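For reference, the structure is listed below as structure tokens.
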Amino acid sequence: MRAVFVIPVIHPDHPIVSDYDVIERVLKLTVTSLLQQTEPDVAVAVAAHRRPDWADSFSDRVAVLTLPDHPDSRPLRYTGIPDGDQGVKRALAGLYALHKWAPQYAVPMDGDDFMDVSLVAHLCGGRLGPSGDDGYILTQGYQALLRGAGTGFEINGALRVREFNETCGSCRVFKGAAFERLLAGIDPDLPRIAGALFTRDGPDADLSPCLERIAAAADRRAGDLSNPVRLLGDHVALAGYLDLAPVGLPLAAKGCGHSSHIGPLRGEVHWNRTMGILPISRFRRRFGLTRQENLVSAPNLYVQAREAITGPARRVLRRLGARVQPRRA
């Protein structure tokens, strides 16, 4: 398998969740778009607490692992470390991906984001330049404004942003071997234990033994910033612990504005990072969103006007600020 996209899904009872049906609907949009890669040898592994009604409508290139609640009365968080819940779920989905597909690349995603349909072709064609020891990090991308519309969504705009990797968890591309090392670093016995469970029961395996080992290992190393569970969960503060080569092409997109976001801006646009607007029709073509019947293009005039009026001034100020920065000795 060329590449597997690995997606954690928040607990339905988490306090920030206002409508879990919205989360499942946008997750379906994400999964559908990821399968539109021009290099078709890809798959998606999802770790969730509830199996979506639509899960069986996909081929066996999509696996949904249904997770039990943590046994020690922490049903909403498996571990106390920062971003640990996402790290645990990415680890579990990643273990399944390695067992089932042995991918050349593993791409941790959020369940409301999108990838350019040419991403995997770029990777496999060597068009992104030399990788780091661990893979690549996408430093530019888009923020797509989504709004609920009945049982579907409107897309109101797509803004290109700089420093995309500081705004979105769908910014890292691991080489398969590096991803395998990272998971084995949680617990050396974990791949063997997970492999036995998946061999016997596939994605329907009872993952409690793996959950307990991952959570325990994470908590034992709670103060260690190189803790693999923290590295899987945190894409900003701990980026320096991974060797990822930067990629300036805007190949990823963050879904903004739909509801139930985690992060300091709660899914709002990072206006201080915008670099211009991509027409919605082009955005949909580039990110595999042209055939989604539950997604309607509805350009937002306020968004377009704000970027057209204030964007150039912000970019001039950024350039001026960069010029006056003192040189390092």
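Bear in mind these aren't lab numbers, they're just calculated from the coordinates by the rules spelled out. No experiment lies behind these values; they were computed from the predicted model shown. When we count neighbours, we look across all protein chains shown, and the Cβ atoms used for this are built from the backbone with ideal geometry, even at glycine.
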Taking placed amide H atoms and a strict 5 Å upper bound, the residues 5 or more places from residue 47 or on another chain that come that close are 7, 9, 65
With the radius of gyration and the Kirkwood radius both derived from the Cα set of the chain, what is their ratio Rg to Rh? 0.96
May I ask you to evaluate 6.51 cos²θ - 1.76 cosθ + 1.60, the Karplus curve with θ = phi - 60°, for each residue of segment 232-238 and list the ³J(HN,Hα) values in order in whole Hz, giving x for glycine and proline? 6, x, 10, 9, 10, 4, 9
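Ratio of Rg to Rh for segment 1-149, alpha carbon only, Kirkwood? Can you show the working numbers first?
Numbers: Rg = 15.7 Å, Rh = 16.3 Å.
Across segment 1-149, the Cα-based Rg/Rh ratio is 0.96.
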For segment 184-192, Karplus couplings with θ = phi - 60° (6.51, -1.76, 1.60), whole Hz, Gly/Pro x: 5, x, 5, 6, x, 7, 4, x, 5
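Dipole of the chain, Cα-centred, from +1 at each Lys and Arg C-beta and -1 at each Asp and Glu C-beta, to the nearest 20 debye? Please list the in-between numbers first.
On the way: 40 positive and 36 negative charges, 347 e Å.
The dipole of the chain has a size of about 1660 debye.
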In terms of the charge dipole of the chain, which places +1 on Lys and Arg and -1 on Asp and Glu at the beta carbon, the residue among 305, 142, 18 farthest towards the positive end is 305
Between residue 288 and residues 5 or more places away or on another chain, which pairs have amide H atoms under 5 Å apart, with H built 1.01 Å from N, and which residues are they? 117
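Determine, from the Cβ-Cβ distance of residue 308 and residue 118 and an R0 of 30 Å, the FRET efficiency 1/(1 + (r/R0)^6), rounded to the nearest 0.05. Provide the component values of the computation, followed by the final result.
Numbers: r = 28 Å, r/R0 = 0.93.
With a Förster radius of 30 Å, E is 0.60.
Could you order peptides 133-144, 200-211, 32-43 by the average number of other Cβ atoms within 10 Å of their residues, highest first?
Numbers: 133-144: 23.1, 200-211: 16.5, 32-43: 18.8.
Top of the packing list down: 133-144, 32-43, 200-211.
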Residue by residue, what Karplus-based ³J(HN,Hα) values in Hz, rounded to whole numbers, does segment 37-43 have, using 6.51, -1.76 and 1.60 with θ = phi - 60° and x for Gly and Pro? 4, 5, 8, x, 7, 9, 8
I want to make sure I understand the PRE zone here: with the label point 7 angstrom from the Cα of residue 298 toward its beta carbon, which residues in segment 134-168 have backbone N atoms less than 17 Å away? 144-158
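As an exercise, identify the trypsin sites (Lys or Arg not before Pro) in segment 105-199 lying in DSSP coil whose Cβ has no more than 15 other Cβ atoms within 10 Å. List each step's numbers first, then the result.
Working: sites: 127, 147, 160, 162, 172, 175, 181, 192; in loops: 127.
Here the sparse-neighbourhood loop sites are 127.
Only bridges with both residues in segment 42-162 count here: give the DSSP antiparallel percent, nearest 5.
On the way: 10 of 15 bridges.
For segment 42-162, the DSSP antiparallel bridge percentage is about 65.
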Taking amide H positions as placed 1.01 Å from N in the peptide plane, with prolines and chain starts having none, which residues 5 or more places from residue 256, or on another chain, fall under 5 Å of its amide H? 144, 145, 146
